[in-house]
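> Got a structure for you, written out below as structure tokens; questions coming shortly.
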Amino acid sequence: MKKRVVIIGAGHGGVQAASTLREEGFEGEIIMISDELDAPYQKPPLSKGYLQGKQNAQAILFRSENYYNDNAIDLKLGVRVAKIDSEKNEINLSDGAVIAYNYLIIATGACNRRLRFNGHIAEKVYYLRNFSDAKMIEEKINPASHIVIIGGGFIGLELAALAVEKNKKVTVIETEDRLMKRVLPETLSKVFYETHVAHGVEMILGVSVVDIIDGKKIKLSDGNEIDADLILAGIGVIVESELTENSEVLFNNGIVVNPFQQTNIENIYAIGDCANHYNPFAKKSLRLESVQNAVDQAKVAAAHIVERPFEYNTVPWFWTNQYHLKLQMAGISFGFDEAIIRQSPKPECFSVYYFKEEKLIGVDSLNRPADHLNARKLLTAGISPSKMEVADFEFNLSGLLKQEI
Amino acid sequence: MPKVIYIEAEGKTHEIELPLGATFMEGAVQNDVKGIIAECGGSCMCATCHVYVDDAYLNLLPEMEEEEDEMLEGTIAQRTANSRLGCQVRASKALDGIILRIPKEK
């Protein structure tokens, strides 16, 4: 009898899982369910190329229209999964349908954390997560002249940069005392701060928002008020437990999985932003919110289903683009004890190498793509250059890799 | 629409007509050409859309920008004089019939 894989979610993880299953010769049925109406698309271009007007809706699709049909992937758009019944191996959809599965892959991602004041979600504040959000922002951003962005993280700052490019007056409000503090060292925060300010962005740091009136007036913790035509926010994401709540699937800051992406129920997998996994590079359990993580975990889950298992063990990497600044991060630098800068002769072109107990654990590269790709290879191979080698721009770090081969 | 011929590492050939202005990476990914991964969605961030351009068309391509040049230094398969990133080159009338070979092992 033919086996059936049901995939919940059609983002980077879901689509990759379906593709890998077919590439690996899986001959059973594949059903992919998405609560969105749009054909599966790539998320990174939303806050970059798409809203900048450089990539259109067609360009950001994962696959051609025919791909799903040609590969016997039954794509069900615009339906939600209401319940997972792991006893019966079936799921209940919002439209009343019941679908049985042999394997279930949960690839539902995360959703935006929303601003709440006095227990209520603030109205008329716009967030970016999905294509429908991007289309909404596109529509709202054009007539607005003053745009206030709450949150100085990746998404907030990418939105700030593209609003500036559209000649808008832009204000960014960040609770922390510097930008992207959760993930970047001070040196890098500073470069981004100075670049945004040089482009005319008004930066308000170390201040929080205490109330928003009708999407127009923002009250700050320092007593000031700001008027805005449009308020956008990027204040992090959460994984909702709703889907797994009435099931046997274990949820603890995301869906808990083993190195093969299996949950506590052996024929149910979770991948991507929603999966709480032990990460060998971070040396702890966590969720990662990145394309790399979704794509690579999808391959692991698919390989396990076709009985050619391997454990998830990929160097995490992330990136952001703002103006001419291209920042690429490799590894997990959390908990480093020393950061060494490798400065190229050009300004705004350097990489920061993070060490923990003399071992390289992560590298952030600013306008140094070759450093980034090389760092991923070093981290994958477990090769640590010395701090002196890193600091010496003339020293050829990729030479270390060649010796190993 | 300009035609692009993709040759996978294992030899399978795809002849695909691309809309003017679509990148070679988009054409490959959307038509299921194996070996073009494009993890970053065309942001010139990941170098997983590395292709070898056929000699006959090499000089017709727009010159590469510095960031593409740097990314190519870090590709998994060996860089050659024919190496380009698929996300940085767009289909055009001048490039009709171009042949792109996909490297092994991404």
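> Looking only at region A:57-86, which residues have a backbone nitrogen under 17 Å from a spot 7 Å from the Cα of A:Cys111 in the C-beta direction?
Backbone N within reach: A:78-84.
> Okay, next question. Under a no-solvent Debye model with one identical scatterer per Cα of region A:213-360, what's log10 I(q)/I(0) at q = 0.10, 0.13, 0.18, 0.21 Å⁻¹?
Scattering profile of region A:213-360, log10 relative to I(0): -0.55, -0.82, -1.07, -1.22.
> Something else: Work out how far the C-alpha atoms of region B:3-101 reach from end to end along every principal axis, then list the three figures in whole Å, largest first.
Cα extents, longest axis first: 29, 25, 22 Å.
> Express the Stokes-Einstein translational diffusion coefficient of region A:324-404 in µm² s⁻¹, to the nearest whole number, given a Kirkwood radius over alpha-carbon pairs, 25 °C and a viscosity of 0.890 mPa s.
Details: Rh = 12.4 Å.
Value of D from the Cα-based Kirkwood radius: 197 µm²/s.
> Kindly write out, for region A:301-316 in residue order, the coupling ³J(HN,Hα) from the Karplus curve 6.51 cos²θ - 1.76 cosθ + 1.60 (θ = phi - 60°), rounded to whole Hz, with x marking Gly and Pro.
Each residue of region A:301-316 in turn: 5, 4, 4, 5, 5, 8, 6, 10, x, 9, 7, 5, 7, 10, 4, x Hz.
> Just check the protein assembly as shown against the gyration tensor rule for me: Cα atoms, a ≥ b ≥ c as the square roots of the eigenvalues, rounded for a/c under 1.5, and otherwise prolate or oblate depending on whether a/b exceeds b/c. Each step should come with its number before you reach the end.
Working: a/c = 1.30, a/b = 1.04, b/c = 1.25.
In terms of gyration-tensor shape, rounded.
> Another one. Starting from the Cα of A:Asp177, move 7 Å in the Cα-to-Cβ direction to define the label point; list residues of region A:316-336 whose amide nitrogen is under 20 Å from there.
A:335-336
> Using only atoms on other chains, find how many Cβ atoms lie within 10 Å of each Cβ of peptide B:41-53 and report the average. If you can, show how the numbers build up before the last one.
Values: counts 15, 9, 10, 4, 14, 9, 5, 1, 0, 0, 0, 0, 0.
That average works out to 5.
> Per residue of region A:359-373, in order, report the coupling 6.51 cos²θ - 1.76 cosθ + 1.60 (Karplus, θ = phi - 60°) as ³J(HN,Hα) in whole Hz, putting x for Gly and Pro.
Result, ordered by residue: 10, 5, 10, x, 9, 9, 10, 9, 6, 9, x, 5, 4, 4, 4 Hz.
> Using Stokes-Einstein with the Kirkwood hydrodynamic radius over Cα pairs, what translational diffusion coefficient do you get for region A:116-233 at 37 °C and a viscosity of 0.692 mPa s, in µm²/s rounded to a whole number?
Details: Rh = 14.4 Å.
For the chosen part, D equals 227 µm²/s.
> Ranked by Cβ crowding within 10 angstrom, fewest neighbours first, how are A:His196, A:His304, B:His14, B:His50 ordered?
Ranking A:His196, A:His304, B:His14, B:His50 by Cβ neighbours within 10 Å, fewest first, gives B:His14, A:His304, A:His196, B:His50.
> Still on this structure, I have one more. Take every DSSP beta bridge whose two residues both sit in the protein assembly as shown, then give the antiparallel share in percent to the nearest 5. Can you show the working numbers first?
On the way: 59 of 96 bridges.
In the protein assembly as shown, DSSP labels about 60 percent of beta bridges as antiparallel.
> Compute a Gaussian network model of chain A, connecting alpha carbons closer than 10 Å, and tell me which residue from A:Met203, A:Met388, A:Met136 fluctuates the most.
Comparing A:Met203, A:Met388, A:Met136 in the GNM, the peak value goes to A:Met388.
> Determine, for A:Asp273, B:Asp96, the number of other Cβ atoms within 10 Å of each Cβ, and report the residues in order from fewest to most. Please list the in-between numbers first.
Working: A:Asp273 26, B:Asp96 15.
Listed from fewest to most nearby Cβ atoms, that is B:Asp96, A:Asp273.
> Using DSSP to call loops (not H, G, I, E or B), can you name the GluC sites (Glu not before Pro) in region A:67-140 whose Cβ has at most 13 other Cβ atoms within 10 angstrom? Display every interim value, and only then the final one.
Values: sites: A:Glu87, A:Glu90, A:Glu123, A:Glu138, A:Glu139; in loops: A:Glu87, A:Glu123.
Loop-located and lightly packed - A:Glu87, A:Glu123.
> Have a look at A:Ala375, A:Ala134, A:Ala391 and tell me which one the Gaussian network model of chain A (Cα, springs below 10 Å) gives the largest fluctuation.
Result: A:Ala391 has the largest fluctuation of those listed.
> While we're on this one: Provide a whole-number value for the mean count of partner chain Cβ atoms within 10 Å of the Cβ atoms in peptide A:54-67. Write down the numbers at each step before the final one.
Details: counts 1, 5, 3, 0, 4, 9, 3, 3, 4, 4, 7, 1, 3, 4.
Per-residue shielding by partner chains comes out at 4.
> List every residue whose amide H lies under 5 Å from the amide H of A:Lys3, counting only residues 5 or more places away in sequence or on a different chain, with H placed 1.01 Å from N in the peptide plane.
Answer set, sorted by chain and number: A:Gly28, A:Glu29.
> Determine ³J(HN,Hα), in whole Hz, for all residues of region A:87-97 in sequence, where each value follows from phi through the Karplus function 6.51 cos²θ - 1.76 cosθ + 1.60 and θ = phi - 60°; x replaces Gly and Pro.
Computed from phi, the couplings for region A:87-97 are 6, 8, 6, 8, 10, 10, 9, 4, 8, x, 5 Hz.
> What percent do you get for the relative contact order of chain A when only Cα pairs under 8 Å and 6+ apart count?
14 percent
> For A:Ile105, B:Ile102, what's the fewest-to-most ordering of other Cβ within 10 Å of each Cβ? Let's see the in-between values first.
Values: A:Ile105 30, B:Ile102 23.
By the 10 Å Cβ count, ascending: B:Ile102, A:Ile105.
We did not get these values from a lab; they are worked out from the coordinates using the rules stated. These figures come from a predicted structure and were not determined experimentally. Cβ: placed from backbone, ideal geometry, glycine included. Neighbour counts: every protein chain shown.
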